[in-house]
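Working notes, beginning with the structure itself.
The values are calculated or read from the model by the stated rules, or taken from the named source; none is laboratory data. Being a predicted model, the structure only gives us computed values, none of them experimental. Positions of Cβ are backbone-derived with ideal geometry, glycine not excepted, and every protein chain shown enters the neighbour counts.
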Amino acid sequence: MIVETEGVILHGMNYRDTSKIVTVYTKKFGKIKVVAKGVRSQKNKFGSSLEPMTIASIVLYKKEHKDLHLLSKSEIAVVLNRLQENQERMYCGLAVVELVSMVMHDEDGNGKVYELLTESLTAVNAAEKNHVNVLLSFMMKLFGELGFGMNLQKCSVCQKSIDELDVTHAFLRLSDGTMTCSDCTGDLQTNGTKVSGGMLKSLYYLQENEIKQASSLALSSNVKNDLIATLESYLRYHSEGSRTLKSLSLLYSTQ
Ligand SMILES: [Zn+2]
């Protein structure tokens, strides 16, 4: 069956002499693998449309009950020409596609996840600063789509809303993403991971606002590092087989 769809290139690996097997997160079918014949030869008809992070329009022969399909045509659908401009942009963009590759199952289409993914890459491309915030906002929203979103709007005990609370710290429970304020727990660690008031409000901001607004949030490097560590532990708790994002660790080793 010949089908057309839009997709984001997650990664590729060399296959035989001149081809590649490319993993794409498509709008219609979710994550699939396609063979791009001749992409490493002089007769390459795909141009640079199969590089990771590319949003491409593709045509493929989709084989029923097979997990490898044949790519017939691919071209760049949205030009994101700043992603390679500096290391921060590039590694944040790569971390976004790495995350999708890691947590999404094969051929499990989810239009909302596709939308969040393309919004995130577009936002990383456009942002002038704080690119990593885009990734963090994407993570918060993706958790919600996958059924384990955090519930930070109010304290799980006194039910006071996050806006009413003047907390120096709170506790975030990894098992269900609920928050308990310091008035209700004092310093008892039994309610989860201790997070600062600033960190709690930053998480809430990243969850509630549009992805493209994430980069306008200024974070100190301490808060930023804590947020990354917390979101990665949260992900490991909820998504089987997930591990530290390699692209993100590359970024932080360069600073
Ligand atoms: Zn409370």
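Tell me which of these residue 134 doesn't satisfy, since it passes every other one: (1) closer than 21 Å to residue 223 by Cβ; (2) more than 20 Å from the chain's Cα centre (by Cα); (3) of a type outside the set (D, E, K, R).
(2) is the only condition that residue 134 fails.
In the stretch 158-170, which residue that is free of Cβ contacts under 8 Å to residues at least 40 places away in the same chain and surrounded by 15 or more Cβ atoms within 10 Å (Cβ to Cβ) is nearest to the ligand (Cβ to nearest atom)?
Of the residues in the stretch 158-170, the ones free of Cβ contacts under 8 Å to residues at least 40 places away in the same chain are 158-161, 163-170.
In the following step, the residues that additionally are surrounded by 15 or more Cβ atoms within 10 Å (Cβ to Cβ) were identified as 160, 165, 167, 169-170.
On the way: 160: 6, 165: 7, 167: 8, 169: 12, 170: 8 Å.
It comes out as 160.
Under the condition of being farther than 12 Å from residue 8 by Cβ and in contact with a Phe, Trp or Tyr (Cβ under 8 Å, 6 or more places away or on another chain), which residue from the stretch 100-144 is surrounded by the most Cβ atoms within 10 Å (Cβ to Cβ)?
143
Conditions (1) in contact with a Leu (Cβ under 8 Å, 6 or more places away or on another chain); (2) not polar (S, T, N, Q), marked per residue:
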position: 107; (1), (2): no, yes
position: 115; (1), (2): no, yes
position: 118; (1), (2): no, no
position: 124; (1), (2): yes, yes
position: 134; (1), (2): no, yes
position: 137; (1), (2): yes, no
position: 143; (1), (2): yes, yes
position: 151; (1), (2): no, no
position: 156; (1), (2): no, no
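Could you grab me the full set of residues in the stretch 144-169 that are polar (S, T, N, Q) and out of contact with any helix residue (DSSP H, G or I) (no Cβ under 9 Å at 6 or more places or on another chain)? Before you say what the answer is, go through the steps one by one.
Taking the stretch 144-169 as the starting set, the residues that turn out to be polar (S, T, N, Q) are 151, 153, 156, 159, 161, 168.
151, 159, 161, listed by residue number.
Restricting the search to the stretch 233-247, which residues are touching a Leu at 6+ places or on another chain (Cβ under 7 Å) and under 21 Å from residue 52 (Cβ atoms)?
So in the stretch 233-247, the residues touching a Leu at 6+ places or on another chain (Cβ under 7 Å) come out as 233-234, 237, 242, 245, 247.
Scanning the stretch 233-247 gives 242, 245, 247.
Can you pull out every residue in the stretch 161-195 that is modelled with pLDDT under 85 and on the phi > 0 side of the Ramachandran plot?
We begin by selecting, within the stretch 161-195, every residue modelled with pLDDT under 85; these are 165-168, 185-192.
Of everything in the stretch 161-195, those that are modelled with pLDDT under 85 and on the phi > 0 side of the Ramachandran plot turn out to be 186, 192.
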